[in-house]
Each structure stands twice: as C-alpha cells, then as structure tokens.
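So the structure is just underneath, and the comments pick up after that.
The values are calculated or read from the model by the stated rules, or taken from the named source; none is laboratory data. Remember, predicted model here, so these are calculated numbers, not experimental data. For neighbour counting, all protein chains shown are included, and Cβ atoms are generated from backbone atoms with ideal geometry for every residue, glycine included.
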Amino acid sequence: MTRLAAHPSRPRGRFVRTLLALALLTALTALGCGFQTDGSEDSTEPETEGITLYSGRIAAALGGANDAYEAETDTDVQVRYAGSADLGATLVEEGGNSPADAFFAQESPAMGAVAEAGLLAELPRDVLELVPPEYRDPEGRWVGVTGRARALAYNADVLSESELPDSPLELTEPEWRGRVGWAPATGSLQEFVTQLRLAKGEDVAREWLEGMVANDVVSYPDNVTIRDGAASGEIDVGLINHYYVAQAIAAEGEDYPVEVFFPPDDLGSTVLVTSIAVLESSDRKQEAFDYVRWMLGEPSQTFFTETSKEYPLVSGVERDPALELPLSAIPAPPTEAIDLAELQQTVELMQETGAL
C-alpha cells in the first residue's frame, strides 16, 4: 500500500530544495480537477480564533465534516484552502512560526515534506490505531483519512472487462493507439509514475511514458474530463482514480456507460491516501488531536465515502454502495514511500519524454 515519506530531519539546505520542488508541483497541478477531490481553491488568510487548518482538500470535499465538528464541539475551524504542495511549501517556510494547528494533505509528497522538516507532532496512540499500519506514518506523525485506488475507466458500450489489459504498461500496444486518455499534470498520475520508477526502475518508466506518447495517448487536464471523454466516446479507456466513475454513477444512474477495472499487475491499482497531521508548533494540540479523531470517526468517514466516493480507512465504516469492491479486494501492491525529490525526478522525466 502507498505510504507517505517518513524520513528523519535533514539539513536546512534540503528544505530549500523541498520548497523549489513544491513550487514546481504546484505550478504543474494548478489546473485542478474540480470537486472530485484532486483540485484546490484559494482562500484568504485564516483568522486567529479556534483551530487553524491548512487544507489541500477543497471546501466541497471537506466542508460537511468540518461543519459537523464545529456544531458538535462548539469549536471554530478556520481553514486556509490551497493546493497541498503550495501549503506544504508554506508550512516548511513558516517553520515553528506557522499559525496552522493541523494540515490535511491531498497528495502524499506534500505531507512527507512537512514531516521531513520535523514540523509534525506525534499523534496519540489511540488516534493512530484507528487506521491500519499501512495507511499511517511508522513514526506516528500523520495518519491516512481516505483511500483512492488507481484504475482503468472504460466505456462499457465499447469494451468488456475481459478485453482490458492486466497491466497499464500494456496500453502502449498498437491495439490501443489513440484510444487511451490520461491527465499527466495531476498529482495522482505523477504519483503512479513515481511508484513505477521506484518499483520497476527508471528505464521501465521511461519506456512506458515514451510508448504512451508514441501511441497517441490523449491528454486531458484532469480526471473528470478523462471520465467524460470515455463516456462520450472520445476515448475507450482512461487512467483515473476510482471514485470519479462512482460519483458519476451516483449522479446519473446505473445506465452511466463508464465502468472501472482494477488492473492486477504493475501497480495498476495502487492505493493513494489523503492524510492529516498536527503541527508541533501548535499551542492547541489537544484540540487539534480531537479534530483528527473527528476526521477518523464514523460520521466523517461516512461523509467522505458518501460524497466523494473514496474508501474509508477506519475499520467498521461501510463503503458507499457505489463502490462495488471492498478496499481489501482491490489488487493494490505494496509501494515505496515517496518524497518530493523522487516526485520532482518524475516530473522531469515526464517532461523529457513529452508526457508533460
């Protein structure tokens, strides 16, 4: 399963490189993905009262859980919304002077950068034990909140599941020329390519990227337009996160023409996690810990799975009915931790091969 970076503190010079990498990733992913949880939105600086949260999740993906927490606890949550990479860079720059009490990251390398900078408090044991070990930091500094599985979205009016490849690496074959879509500027595809580099080596990742480009892969700005392209017949198959199709089926009904397939080979069903942490510099740690507990409680976990169709990570919480397979049944392979240096190398490789 995907784990976020968990490295000891390193010299300050590394933090400068981290900031540069975060800025690059922010620029590349600025297109966003709308509510379907890959996007971000700008916000004014948070007020000083209550808990201050830096959120890489947009308001539509988080707001209902926040509202319920505020109503239940009579505690304000002042939220600064932006991209995870941008907020991670801000936290590293602010250091111990940050006004943030907690950080909710959409992408794992941003959380890894903040952890690497030594800015995160160790979470209480009861909080960590709410989530399986594969979805939390071994050093206890962050915990996963929801899971998103990589998948192939396909037009079921054109293809049957038996016709789909067991590996995304097979999409470079001539039979798929011009029929496949991807969104190379999104963090989720970049994380997948990074995992491919780490697991299979640089040469395999480069060959796949070059093969996809040569095979006339269709580039989209985000996962939503990939899904819609498959539904309209522009493409037959798209590389996507699972929940985009579940959201469309929930909105448009069971006749929606796009379905998902989880490839069993070559990291085709890698699980990516959103994560939350508390800042060591916070003077409201207990309130922030309680906020994390709320995000892992059944009401919040149910909210996330019902609205965004992501997988709850807490045992005993039912997944949304739109998600046919339980998370345990998805053939998700073990993956390595990702840090920003690795992700930056992926971005450079994607640029070199013409994918970006």
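Within the stretch 221-232, the set of residues being farther than 20 Å from PRO165 by Cβ and either in contact with a strand residue (DSSP E or B) (Cβ under 7 Å, 6 or more places away or on another chain) or outside the structural domain of LEU159 (by TED's automatic domain parsing) (or both) comprises just one member, ALA231. Note on the stretch 199-257: enclosed helices (runs of 4 or more DSSP H) holding 3 or more residues that are among the polar types (S, T, N, Q) are 223-232.
Filtered by the rule that a residue be outside any helix (DSSP H, G or I) and either over 23 Å from ASP283 (Cβ atoms) or not assigned by TED's automatic domain parsing to the domain that holds ALA288 (or both), the stretch 103-139 gives GLN106, GLU107, GLU129, LEU130, VAL131, PRO132, ARG136, PRO138. Consider the stretch 233-243 and keep the residues that are at pLDDT 95 or above and either touching a Gly at 6+ places or on another chain (Cβ under 6 Å) or among the aromatic types (Phe, Trp, Tyr) (or both). The one that is surrounded by the fewest Cβ atoms within 10 Å (Cβ to Cβ) is ILE235. Out of the residues in the stretch 72-92 that are modelled with pLDDT under 95, of a type in the set (D, E, K, R) and not in a loop (DSSP other than H, G, I, E, B), which is surrounded by the fewest Cβ atoms within 10 Å (Cβ to Cβ)? Looking at residues that are modelled with pLDDT under 95, of a type in the set (D, E, K, R) and not in a loop (DSSP other than H, G, I, E, B), I get GLU72. Scanning the stretch 305-356 for residues that are of a type in the set (D, E, K, R), touching a Ser or Thr at 6+ places or on another chain (Cβ under 8 Å) and touching a residue at least 40 places away in the same chain (Cβ under 8 Å) yields GLU310, ASP320, GLU342.
Among the numbered conditions (1) touching a strand residue (DSSP E or B) at 6+ places or on another chain (Cβ under 8 Å); (2) surrounded by fewer than 21 Cβ atoms within 10 Å (Cβ to Cβ); (3) hydroxyl-bearing (Ser, Thr, Tyr), the only one that SER328 does not meet is (1). The criterion of being acidic (Asp, Glu) and at pLDDT below 95 holds for GLU191. State whether the residues of the stretch 140-160 include one that is assigned to a helix (DSSP H, G or I), touching a Gly at 6+ places or on another chain (Cβ under 9 Å) and either farther than 26 Å from ASN97 by Cα or in the same structural domain as ALA288 (by TED's automatic domain parsing) (or both). The answer is no; no qualifying residue exists.
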